[in-house]
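Trainee: Quick one: structure below, then a few questions.
The values are calculated or read from the model by the stated rules, or taken from the named source; none is laboratory data. Because the structure is predicted, anything quoted here is derived from the model rather than measured. As a convention, Cβ positions derive from the backbone with ideal geometry for all residues, glycine included, and neighbour counts pool all protein chains shown.
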Amino acid sequence: MFHFAKEVYLFFLLLIPCWVLIFAWQRRQRKNLLRQFADPALITQLSPSMSEWKPLLKFVILMLAYTFAVLALAQPEFGSRLQETKRKGGEIMILLDVSNSMMAQDIQPSRLERSKQAVSRLVDRLQEDKIGLIVFAGESYVQLPVTADYVSAKMFLSTITPDIVPVQGTAIGEAIRNGIRSFSPVQESGKAIIILTDGENHEDDAVAYAKEAVSKGIAVHTIGVGLSQGAPIPLPGGDANQFLRDKENQIVISKLDEPMLKSIAEAGNGMYVRASNAQLGLNTIFDEMNKMERTEYESKVYSDFDNVYQWPLGVALLLLILEAMTGYRRWNLGWIESLKLKLKLK
């Protein structure tokens, strides 16, 4: 098991593109100044020992050293020992709509990206509850079985795109049925399904599956991701002004289907929350779920972690030494020519 003890420091890596731009700008300014001073060919003749690409090499080495230093600062740790512990918690199955309509941008930056951000923050709030993840469009797939491994949950969440489900559509009912099957058979209580979707269900009877979930002791909550006025659906790989069109070449507007989602939540003895750009609503549902009964279960967790920050720190120091030893002059390769000449003479 691997994780960073202080992953917030990884944000320092975002400074690298800024420094790359500054370095490129400085090189361009230097070339312009030298061009004003003299012809480039003449400058090359006057300073034949100066290397053109060595400053770039030094900069690359310096950026690598900085990267490894940041990794050391974030304190990478490896789990060294698994230990069985008893926990008391529920099971939450997240059903995330990844159909093309979830790429609409009435919820910024998009319905799907905002949903992923909200689920990630929900995972941060979990302590002893298990979480699972199902993605759906025209079909549904278990992306992550119910688990108490929150690091893996966030990792799987980050990889989700609309391409992950090849069949387009919105089959909410099938996703609920898949969610019912995905709970632990030994879990007797504290089961809940949370559906994040724009509600444009075209495939099946989601209300009937919500009732089936209730019969098995599972509450079904829904979050409407989108605004009532709707928004166009950007085409995959297109620019900002290319949107999905119908057969009459009219731009398709994807609108939130609130009545459908309210019906599913009502049939599932759950809560419906309408998302907005200010708040998605997962926290509201999670606060309500905290009232449900929890079940005790055994879980294997990593209890001991070895901090290995010294390895990236050591690499960073070696790279800094290498950068200091790399000058701006060309490497003298005359000894190679001398060696070739001696070999010919023999």
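Trainee: Please enumerate the residues belonging to the stretch 168-199 that are among the β-branched types (Val, Ile, Thr) and either at pLDDT 85 or above or buried (at least 20 other Cβ atoms within 10 Å of the Cβ) (or both).
Mentor: Answer for the stretch 168-199, where residues must be among the β-branched types (Val, Ile, Thr) and either at pLDDT 85 or above or buried (at least 20 other Cβ atoms within 10 Å of the Cβ) (or both): THR170, ILE172, ILE176, ILE180, ILE193, ILE194, ILE195, THR197.
Trainee: Would you confirm whether any residue within the stretch 246-258 is over 29 Å from the mean Cα position of the chain (by Cα), at pLDDT 85 or above, within 18 Å of ILE172 (Cβ to Cβ) and in the same structural domain as LEU196 (by TED's automatic domain parsing)?
Mentor: no
Trainee: Continuing with this model, one more query. Hey, any hits in the stretch 76-96 for a residue that's touching a strand residue (DSSP E or B) at 6+ places or on another chain (Cβ under 8 Å), in a helix (DSSP H, G or I), at pLDDT below 95 and surrounded by 16 or more Cβ atoms within 10 Å (Cβ to Cβ)?
Mentor: Residues of the stretch 76-96 touching a strand residue (DSSP E or B) at 6+ places or on another chain (Cβ under 8 Å): 76-96.
Still in the running and in a helix (DSSP H, G or I): none.
No, every residue in the stretch 76-96 fails to be touching a strand residue (DSSP E or B) at 6+ places or on another chain (Cβ under 8 Å), in a helix (DSSP H, G or I), at pLDDT below 95 and surrounded by 16 or more Cβ atoms within 10 Å (Cβ to Cβ).
Trainee: GLN36 is checked against (1) more than 30 Å from ILE195 (Cα to Cα); (2) out of contact with any His (no Cβ under 8 Å at 6 or more places or on another chain); (3) modelled with pLDDT of 75 or more; (4) of a type outside the set (A, V, I, L, M, F, W, C) and fails just one. What number does that condition carry?
Mentor: (3)
Trainee: Still on this structure, I have one more. Would you please list the contacts, defined by Cβ atoms under 9 Å and residues six or more apart or on different chains, that run from a residue in the stretch 7-30 that is assigned by TED's automatic domain parsing to the domain that holds LYS58 to a residue that is outside any helix (DSSP H, G or I) and not charged (D, E, K, R)?
Mentor: Listed by first residue and then by second, the contacts come to GLU7/ALA74; GLU7/GLN75; VAL8/ALA74; TYR9/ALA74; TYR9/GLN75; LEU10/PHE4; LEU10/ALA74; PHE12/ALA74.
Trainee: Determine whether GLY230 is among the small types (Gly, Ala, Ser) and either at pLDDT below 85 or surrounded by fewer than 17 Cβ atoms within 10 Å (Cβ to Cβ) (or both).
Mentor: Answer is no for this residue.
Trainee: Just for the stretch 117-159: of the residues that are under 14 Å from the mean Cα position of the chain (by Cα) and of a type in the set (Val, Ile, Thr), which one is surrounded by the most Cβ atoms within 10 Å (Cβ to Cβ)?
Mentor: Residue satisfying both the conditions and the ranking: VAL119.
Trainee: I've got another one for you. Yes or no: THR326 modelled with pLDDT under 85, among the hydroxyl-bearing types (Ser, Thr, Tyr) and not assigned by TED's automatic domain parsing to the domain that holds GLY199?
Mentor: So THR326 passes the test.
Trainee: What's the number of the only condition in (1) buried (at least 16 other Cβ atoms within 10 Å of the Cβ); (2) assigned to a loop (DSSP other than H, G, I, E, B) that GLU248 fails to meet?
Mentor: So GLU248 meets the others, but not (1).
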